[in-house]
Amino acid sequence: MILLAIGLVMIVEGLAYMLAPSLIEQVLEILRSLPEPSRRQMGGLVFVFGLLLVWGAFQMGAKSVTNGQRGPNVSMPCPSLHCFLRIP
């Protein structure tokens, strides 16, 4: 499950650098100009939003293929892409 999450982050990050590298440079310049407390607050908000997204995904039905339970009581995620895409 952790590898899936890391892979998804890498896909999004890679797309951003591939499709809009100049925009990334501009965003980095803006972030450099912000004071450190503002950057920490922004990081905390993104962290909390990410936690809410993960919690929401589990509440909406993320489940294990091995035991069929819903929610955070997942024993082992499905090892293949067809489970992620919910292909029968």
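Worth pointing out:
- Under the Karplus curve 6.51 cos²θ - 1.76 cosθ + 1.60, θ = phi - 60°, whole-Hz ³J(HN,Hα) for segment 19-27, x wherever Gly or Pro sits: 8, 9, x, 5, 5, 4, 4, 5, 5
- Rounded, prolate or oblate (a/c below 1.5 giving rounded, otherwise prolate when a/b exceeds b/c) for segment 1-50 by Cα gyration tensor: oblate
- Put a dot 7 Å past the Cα of Ser38, heading toward its Cβ, do the same for Met18, and the two dots end up 3.3 nm apart.
- Cut-off 12 Å between beta-carbons: net charge of the residues surrounding Arg32, Lys and Arg +1, Asp and Glu -1: -2
- Taken one residue at a time, the phi angles of segment 41-58 give Karplus couplings (6.51, -1.76, 1.60, θ = phi - 60°) of 5, 4, x, x, 5, 5, 4, 5, 4, x, 4, 5, 5, 5, 4, x, 4, 5 Hz. Gly and Pro are set to x.
Throughout, read-outs are computed from the coordinates displayed, never taken from laboratory work. From a predicted model like this one, the values you see are computed outputs, not experimental measurements. Counting neighbours? That spans all protein chains shown, and the Cβs are built from the backbone with ideal geometry, glycine included.
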